[in-house]
Structure formats: C-alpha cells, structure tokens
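Encoded as structure tokens, the structure appears first; notes follow it.
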C-alpha cells in the first residue's frame, strides 16, 4: 500500500471521509497579508477532528478496509497526531486501534490516544524497536498497518483538503504545506495538479531536518540527516514515494530556521488568533523568508495542526 | 446618546457595518460539548476586525455620524479594545480618531492604536483625569465622544452579532456573554429578544468585579465595587442603561473566580484552538460552574476577543 494515489483516489477519499471529517474554515488576516505582501488563505486544519489534518488520511484508511480486514483492527507507530487520528478514525467504525508508542512520549498525547479508545503498546525509542513492536502486534491481532505517510490511502486522505480549499478560495496561484514524511505534501501536490496544473507548489522544511531539500538536490533520497528541530511533527525522513511526488510535481521546498518558525508561530497566534503547533508555522516562516516568491499572489497556506502543550511553549 | 437601542436600531446597524465588519465563524468542539453536557456554539469575535467584538459598535457609531460631524472626528477614552476599534473604524471613513489613554497602559496596545492611525492623548490613570482629557479634546476639536458601552450606537453595533449567530446556528435555546460595562450584554439582549423572546439569557462576571450581580440583587446600581480581577476587559462598572437592559430582559449573571476563568481559557486554547483573551473565558467558566443551567441545551457562547500578550499569559 505505498504507491502514489491518483487524483481519483483523492476524490474517492473525500466522499469516504465526508461523514466523519470536518470541512475546516479558511481564515484571513489583513495584518499578515500586509506583512507578507501576499494574499494569504489559511486552511485551518488545526480545527480538524483531533486537532490536525492527520484525521483525513487515517479516516480514509480505516474506511477503505473491507469488513473482514476492519474486524481485525488497525495498528500504527506514532505518539503524535497520526496515532491520535488513527484512534479517532477507528472509533468512527467501532474497530480496534493499536498504537505503538516509544518510551519518553508526551503523557498528554498518550492520554488523548487512550481516551479515543486505542490500545497503547510501549517500546524503546528507536525506529527498529517501533517497527518490531508493530510487526508483533500485527502478528498477534492481524491488524492492518496504517503508516503515517507512506500509505496510499493516507496520502489520498491528506489530499482531500485541497478539494475544499480550492472551492473555498477560488483562483489561488500557490499552495504551501510543511514537509515532514511527505504524506501531506504528496497528497496535496497530486490533488492540486489534478484540479489546476498551473498551481505553483511549495513546501516548508526545518533547516535542522532538511532531508527533503537535500534529497531533491541530490536526485536521490538522503537518509543521513539526523533531525534536530523544535518542529516535532517534521522530524520524519521523507518517504521514497513521497519524494517522487515532490519531484514529479515540482514542489519547491524552502528551509526555515527554528527561530524563524517560532516567530511565525507567534504571529499566527497573535494575528490570526489560531492556536497552531510549531510545525504548522514553518509555512508562514517560509513565506516571510522568501517574500518575493509569494508577493502579489493568492496563496493557500495549510495550517496542519493545533495540538500544543500550553505549559511548554517554545518562546 | 445613552438611550437603549431598539431592535430596529440593531438591524440598521447590521446594514451599516456590513461593508467593514467580518461575519465571524461559529466553531464547535466535541470535547467541550462532552465536558459541559451542552451543545456549545462559539461565536468567534476574536476573529473580528481588530480582534474583538468592539469593532461592531465603534463602526456603527462612526458611520452613524453625518458628514459634518464626521469631519470633526471621534474621541474616546480606552486603552483597550474599544480604543483600537474606534481607531480602525475611523480609518474606514477616513476621519480623525482621538484616543485618551491613561499612564501605565500596555505599550503594545498603544502601538496598535497608533498603527491604526489614531492620535493618542495621555492622562493620569484616574477616571476623572480621563474624562477631563476627553472633554478637553472635544472642546479643541469638536470630535464626537463615542463611549465604550453607554452609547446607543455602540450597544446597537454590539447586538449585530446576534443576528449572525442565530442564522449560523438556528434553534439556540440560550445565549451567554461576559458582562463588563454591559454594552455587549445589553445589545445582545435586545437583539436576541427581538428575534426570539423565549431565548434564555445569561451573563458571566468575575467575582472580583461583580457589580452587575450586586446591582441586580439590590435593584439599584452599585458603584462601590473596586474591581480586582485578571479580566482586564471586565473591570468597568455596568452602565445605568446597560443595567436596565439586563433587568428588563431577565439576564441572569453568573459569577466566576479568576482561577476558573484561567482554567476555561486554557480549555478554549487547547480544545477549540482559539486564542482568546482571559475576559472571553468567563463564559465557559460560568457554564462549567453551573452546568445544570445549560445541560442538554443549545447554547450560543460569545467569545469576545483575542488580543493577548503572548509574553504574559496568566498561567
């Protein structure tokens, strides 16, 4: 299940998740328009169910299963928004969700996943330990693996936000999303060019986790980057297929420093009045870092999530 | 200009401000519904122009002036959201705004008022000094005084949000707003009962500034309360006419402690993902303090503003 989705897959996903996912609002800010010189249309996925766009992909995966598969449940390894989203999505279908979480994961996030009805499986904080534990749960339960970004159904689900955004804000020239594993960026690219091949596409990546930029520059996937960034949602290395989609759709990825991202986060809080997590602010940071790319254009800006620990703000 | 507005005044105000004010969204939260046992419809005036409902009243006042009055400008004394709103509203008509601000006012707020194009006039931090300076500016310029809450045009403007809310969320049983000077609560009460006389109306007031509750209990305006609350937007004593509207429309005012309000503020940030100022959180605090009043009902909850100093959060 790691081929790239087609535009039709994304349209199917939109119909599939419509009963469960929110059509999130698009918000504007005169102050941020003035600051950037562009017309910014913020797609507020912080207001999506579960507080992040991840619900779209997880929900599409859960409702793509046939009844027999569904009865065995779903499993993933993620202590962040994808784990929570899969738990919530499984609950909409009344099936089991297993979430493998590494030692040291944030307690509040784990509690949210449990509140959503999922079973937690703890493991050591290495990629190998996560994958081993996941395989173990699969063997024991027959649960379907739903990978956070390399899964076709997940990518298709994430792309559905573009169908909404281009209806809500017609005539956009540009879209920009953060880039982590690339599930969002690839789904968005396929959806965007399925509707309007002339749309310019940008990604925003932390300087301390710039594997997508390096991979696009080298023409092959760079896996040696050791993520060092405050953007906890963007530490994953971009997936092989996700990278292919970025290349095919000519997504230009802009890097931003953590300081720029934290400053942009404060702007989104104070001007747009939206609680967004730090990873979400990379897009505004990128626009403000390279304003000439966006000036005078109508820009769709994806705000990915709003799950924040209010006791540990990054400023 | 301190009579209560009629329902027709409020409908006129809605037409008058429509070209300038935002129709703010109504947001929901499954988590907050579950917590309260009620169906909560949050009217997000933190997303209004200037970041607070105050723009409605100020804008109605500015555009109610005839050309000759308008040419002489407007004046008010407020270092908070009303001062900023009047500055923004005056700018929409291209007229002068004078804002009298007391010593010790927050620098960021003053800068915002100046950015909006108003002239600041500094005075000592007493009510008498503010009124004297205001009168001085009036004499010197002929500017029209626009009082933050006792002004008919301001009350009518604030009431316009109800016309939107009842269209956006049909079939509400209850409305609740914070109560400070009472400009919002009175405008909302008149608008609400103009549309549906069966609507139950509530107010929320900080325990440390409970002059409205005391005034309603005593049957006469109590002016001896010395405000002591973190809710900087709710320290004004309720106005005479505003109090009359609360009484006539049987608005029940619930008091809440600052600790309850700060906890509710964190819930609005973490669950609704909205940056709201502390005064705005009194309404959710009141619902959670007296859940039996709201359980099972469809409740319109007015979130008044989102102008917050991110460097000085109250937790």
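Any read-out appearing in this document is the output of simple, stated calculations on the displayed coordinates, not a laboratory observation. Owing to the predicted nature of the structure, the values given are computational and were not obtained by experimental measurement. Heads up, the Cβs are rebuilt from the backbone with ideal geometry, glycines too, and the neighbour counts pull from every protein chain shown.
Summary of values
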{"quantity": "Averaged over B:20-26, number of beta-carbon atoms from partner chains that fall within 10 Å", "calculated": "1"}
{"quantity": "Fluctuation leader among A:274, A:138, A:127 - chain A, Gaussian network, Cα springs under 10 angstrom", "calculated": "A:127"}
{"quantity": "Inter-part distance where region A:32-83 and region A:164-182 are each reduced to a Cα centre, Å", "calculated": "15"}
{"quantity": "Among beta bridges that DSSP assigns inside the protein assembly as shown, antiparallel share in %, nearest 5", "calculated": "10"}
{"quantity": "Cβ-Cβ FRET estimate between residue A:2 and residue A:23, R0 fixed at 22 Å, reported to 0.05", "calculated": "0.20"}
{"quantity": "Chain B: angle of helix B:127-141 to the longest principal axis, Cα-based, in degrees nearest 10", "calculated": "50"}
{"quantity": "GNM result for chain B, Cα springs below 10 Å: residue of B:113, B:95, B:176 fluctuating most strongly", "calculated": "B:95"}
{"quantity": "Cα shape, region B:55-145, gyration tensor, a/c 1.5 rule", "calculated": "oblate"}
{"quantity": "Selected from B:90, B:124, B:58 as most flexible by GNM, with chain B as the system and alpha-carbon contacts under 10 Å", "calculated": "B:124"}
{"quantity": "Overall form of region A:136-281 per C-alpha gyration tensor (a/c, 1.5; a/b vs b/c)", "calculated": "rounded"}
{"quantity": "DSSP bridge pairs, chain B: antiparallel proportion in percent, nearest 5", "calculated": "10"}
{"quantity": "Other copies of residue B:240: label-to-label distances in nm, shortest first, labels 7 Å along the beta-carbon direction", "calculated": "8.1"}
{"quantity": "Nearest-ten-degree value, helix A:7-17 long axis tilted from longest Cα axis of chain A", "calculated": "60"}
{"quantity": "Estimated 222 nm signal from helices in chain B, with DSSP H stretches of n ≥ 4 weighted -39500 (n - 2.57), rounded to 500", "calculated": "-13000 deg cm²/dmol"}
{"quantity": "Whole-number percent relative contact order across chain B, with pairs defined as alpha carbons under 8 Å at least 6 apart", "calculated": "23"}
{"quantity": "Three-way shape call for the protein assembly as shown based on the alpha-carbon gyration tensor, with the a/c threshold at 1.5", "calculated": "prolate"}
{"quantity": "Folded to 0 to 90 degrees: helix B:81-93 orientation relative to chain B principal axis, Cα", "calculated": "60"}
{"quantity": "Counting DSSP beta bridges with both ends in region B:147-284, the antiparallel % (nearest 5)", "calculated": "0"}
{"quantity": "Neighbouring partner chain Cβ atoms per residue of B:305-311, average, 10 Å criterion", "calculated": "3"}
{"quantity": "Mean-position separation - Cα centroids, region B:251-315 and region B:122-147, in angstrom", "calculated": "33"}
{"quantity": "Across the identical copies, how the residue A:226 labels are spaced - nm, sorted shortest first, 7 Å along Cα→Cβ", "calculated": "6.0"}
{"quantity": "Average beta-carbon neighbours from other chains, 10 Å sphere, peptide A:50-58", "calculated": "1"}
{"quantity": "Contact order relative to length of region A:1-153, as percent, for alpha carbon pairs under 8 angstrom and 6 or more apart", "calculated": "25"}
{"quantity": "Rel. contact order, % - alpha carbon contacts under 8 angstrom, at least six apart, region B:55-145", "calculated": "32"}
{"quantity": "Teacher prompt: residue B:290 distances to equivalent labels in other copies, 7 Å Cα→Cβ, nm", "calculated": "5.6"}
